[in-house]
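One structure is given below, encoded as structure tokens.
The values are calculated or read from the model by the stated rules, or taken from the named source; none is laboratory data. None of the values given here were measured: they were computed from a predicted structure. When we count neighbours, we look across all protein chains shown, and the Cβ atoms used for this are built from the backbone with ideal geometry, even at glycine.
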Amino acid sequence: MKNKKSAIIVAAAAAGVIVAAVAFQQFRPKTAPAPAAREDGTHKDGPGHKEPGEHDELGEKGVIRLGDAELKEFDIEVGTAGPGNLKVQVSLPGEVVANADRLAHIVPRVSGIVREVRRSLGDRVRKGEVMAVLESRELADAKAAFLNATEKLALARANFAREEDLWKKRISPEQDYLQARQALAEVRIELRSAEQKLHALGFSDEYLAQLPSQPDMSYTRYEIVAPFGGTVIEKHISTGEAHKEDSEVFIVADLSSVWVNLSVYQKDMPYIRKGQPVVVSAGHGIPDMSGVISYIGPLVGEQTRTAVARVVLPNVGGNLRPGLFVTGLITVDSVPVPLLVPKTAVQTVADKPSVFVKTDEGFVLQPVTIGRSNETHVEILSGVEPGTRYAKSGAFTLKAQLSKGAIGDEHGH
């Protein structure tokens, strides 16, 4: 009897639960259907729309309201989305090297002992400036041979004049006259040879004309001079050293212009041509510089498997130091696209590329679909229509402030 009563109580309780559930379904408040979502992830009610009760991971407000003062403070520039030409660019690594057409490997030209060294590494030199002084026995021999030939020429001329006069007066035979003329010709050849040797050592005609009047001590003095104005980039000479005529003692470079050697990979070779404009970027606060390709190497390096494309650049401020690694950006084509924005306008939020659209209420995050791009610009395929106002620059600041919901609160908007 007791078990039967318990069963009746359980059945009644179950029936009560069913009735309550039915009543709840009949009398609960009706909710409006959720608005349809577009394929790009945005709602038809516009960018920034959220479902009732939906929590925004980037900030509860979702709208960044800024006045003109704040736009200027955060360097935020507003632009209008529209068509443009997307430059197809090739980025090539490169290195700054000294201009080989303005690079001198200085050798003494004569052997000798170093007596003075007047210039050191990094010094600036002018054309014709004395950089070092050698004491050379070889130079003394060359000058002595020149002076000897000069004296012999004077005697040979006097003898020839005398013999010519005697022969014309029929006092001496013609043979003596011919021998005197031959001797004069031989001395002239000897003098010319000695003169050319001194010219090869860098001495001018003016110096040779003054040589007989110079003191004997100067005969061994050889001055190493700068061939043009530039900077000493290498030095291999010290006082007291003995140097041969072919030893390299200085390297002087005119760094007012430099070469930028870009490495062209095999896949890029069909697009690189002589005369193409190049933007060279060294970074680290060095301004970008523009030039043109002046030379393309005919060979491919065995180790690097790349060819060389050369750009000659002025180096007015001296920022382009040989040895710097740079990047050369070459525009090889230009493609018109319906909608083009700077890369600075596109930010990745929740793993989606997005831009900040300018509305009457403020800036609203709008996901977009991107297409082709280069170093500076990107094509927008969907998410933003032409004519839309958006944050052209400063989008990263908007992203950071949206994430912490700070701008609206800080400025009281």
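Tabulated values for the structure
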| quantity | calculated |
| --- | --- |
| Positions within region 270-304 being out of contact with any strand residue (DSSP E or B) (no Cβ under 8 Å at 6 or more places or on another chain) and under 13 Å from Val260 (Cβ atoms), in sequence order | Ile286 |
| Residue list for region 201-215, filter: without any contact (Cβ under 8 Å) to a residue 60 or more places away in the chain and surrounded by 12 or more Cβ atoms within 10 Å (Cβ to Cβ) | Phe203, Tyr207, Gln214 |
| Answer residue from region 184-200, given it is crowded, with 17+ Cβ neighbours inside 10 Å and of a type outside the set (D, E, K, R) and is nearest to Leu139 (Cα to Cα) among those | Leu198 |
| Some residue of region 396-413 being under 30 Å from Val260 (Cβ atoms), of a type outside the set (Phe, Trp, Tyr) and either out of contact with any Gly (no Cβ under 8 Å at 6 or more places or on another chain) or surrounded by 15 or more Cβ atoms within 10 Å (Cβ to Cβ) (or both) | no |
| The one condition in (1) modelled with pLDDT under 95; (2) part of a strand (DSSP E or B) that Tyr295 fails to fulfil | (1) |
| Leu178 within 29 Å of His243 (Cβ to Cβ) and out of contact with any Pro (no Cβ under 8 Å at 6 or more places or on another chain) | no |
| Boolean, Thr304 is among the hydroxyl-bearing types (Ser, Thr, Tyr), crowded, with 16+ Cβ neighbours inside 10 Å and under 30 Å from Gly275 (Cβ atoms) | no |
| Test: Val279 is part of a strand (DSSP E or B) and farther than 30 Å from Ala226 by Cβ | yes |
| Complete set of residues in region 218-259 that are among the β-branched types (Val, Ile, Thr), under 32 Å from the mean Cα position of the chain (by Cα) and over 17 Å from Leu201 (Cα atoms) | Thr231, Val232, Ile233, Ile251, Val252, Val258 |
| Residue check, Ser193 among the hydroxyl-bearing types (Ser, Thr, Tyr) and under 26 Å from Arg102 (Cα atoms) | no |
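So that you can scan it fast, the table gives a plain yes or no per residue for (1) touching a residue at least 24 places away in the same chain (Cβ under 8 Å); (2) closer than 30 Å to Pro270 by Cα; (3) aliphatic (A, V, I, L, M); (4) surrounded by 15 or more Cβ atoms within 10 Å (Cβ to Cβ):
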position	(1), (2), (3), (4)
Ala81	yes, no, yes, yes
Gly84	yes, yes, no, yes
Val96	yes, yes, yes, yes
Arg109	yes, no, no, yes
Gly112	yes, no, no, yes
Val117	yes, no, yes, yes
Ser120	yes, no, no, no
Ala142	yes, no, yes, yes
Glu151	no, no, no, no
